[in-house]
Structure formats: structure tokens, C-alpha cells
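Below is one structure, written out as C-alpha cells; the observations come after it.
The values are calculated or read from the model by the stated rules, or taken from the named source; none is laboratory data. This one's a predicted model, so the numbers in the text were calculated from it and none came from an experiment. Note that we place each Cβ from the backbone using ideal geometry, even for glycine, and neighbour counts take in every protein chain shown. Quick note on the areas: whole protein, heavy atoms, side chains included, nothing else; ligands and nucleic acids left out. Shrake-Rupley method; radii C 1.70, N 1.55, O 1.52, S 1.80 Å.
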Amino acid sequence: QVQLVESGGGAVQAGGSLRLSCILSGTSTHIGVMGWFRQATGKQREFIAHMTSAGGSRYADSLKGRFTISRDNAKKTVYLDLDSLKLEDTGVYYCAARLDVVGGLNEYDYWGQGTQVTVSS
């Protein structure tokens, strides 16, 4: 059974930083893309960034520069470094995995349960 488990969320003051981690288990299949999304209360899920197994990355324009994605293929882990956090970054952060490198921005095969990030003033 494939599982994605996020960790590293929590409460932080505006301007602070967090590192989120997501570990994939339950499969030895090659994962083409691992990505991060977030969803604030009452809003649609939003793409943050993704990274291919070859190290290519893509970011949402509005978040590039403050958020950084990285990936350890050997550990089947993807990370998201959140810097200069703002109140509007509050939400549930999800990681996702896709077998195929090619696919739509929001098309993923597996999703984690999410980790809460709360930014306060």
C-alpha cells in the first residue's frame, strides 16, 4: 500500500521558517514527480512546487523565492523549505507523487494526508 506521510508542520510566527518533509513508502516503483500543494480554509488547493527524479523543478510564480523544494530519491523523500512565512501561508500542506514525469500540474497518483502550517503575527 503506497503511503505518503508529511511532517514538519506547526505553528510559527510571521517571518519564520519551517521545513516540511514527505516520505513515500509501500512501493519500489520509480516516482517521476513529487510535489507540494496547500489548501487554506475555504479556498481551493493550490500548487506550490514539484521536482522530477532528475532534479528539475517548477514553482508557482507567487511563491518562488520564499519556498524551496528538494528531493532525496534514495530516501524517497521530498522536502519543502518555507522561509519568510506570512499569515496567508497558513493552511494544510500536502505532498503528492506521480509515477510519470509527464502529466498535468495537478495530476498525481498518490496524496498524503497533509500537515498543518499556522502562521501568526
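Taking the DSSP bridge list for the chain and keeping only pairs wholly inside it, about 90 percent are antiparallel. Rg and Dmax, both from the Cα atoms of the range 1-81 and both in Å, are 13.2, 39.
One decimal place: the segment Val5-Glu107 gains 34.9 nm when fully extended, by the rule 0.36 nm per residue minus the C-alpha distance.
Among the protein heavy atoms of the chain, carbon and sulfur supply 46% of the accessible surface, probe 1.4 Å, non-protein parts ignored. Cβ-Cβ distance of Thr68 and Arg45, R₀ of 30 Å, FRET efficiency by 1/(1 + (r/R0)^6): the value works out to about 0.90. For the range 57-121, the mean projected area of the C-alpha convex hull, equal to one quarter of the hull surface, is 5.1 nm². Solvent-accessible surface of the chain, taken per residue with a 1.4 Å probe and all protein chains present: 52 Å². Note on Lys86: lysines with a C-alpha under 25 Å away, same-chain residues under 8 apart excluded, are Lys43, Lys64.
For the pair the range 32-63 and the range 86-114, the centres of their Cα atoms are 6 angstrom apart.
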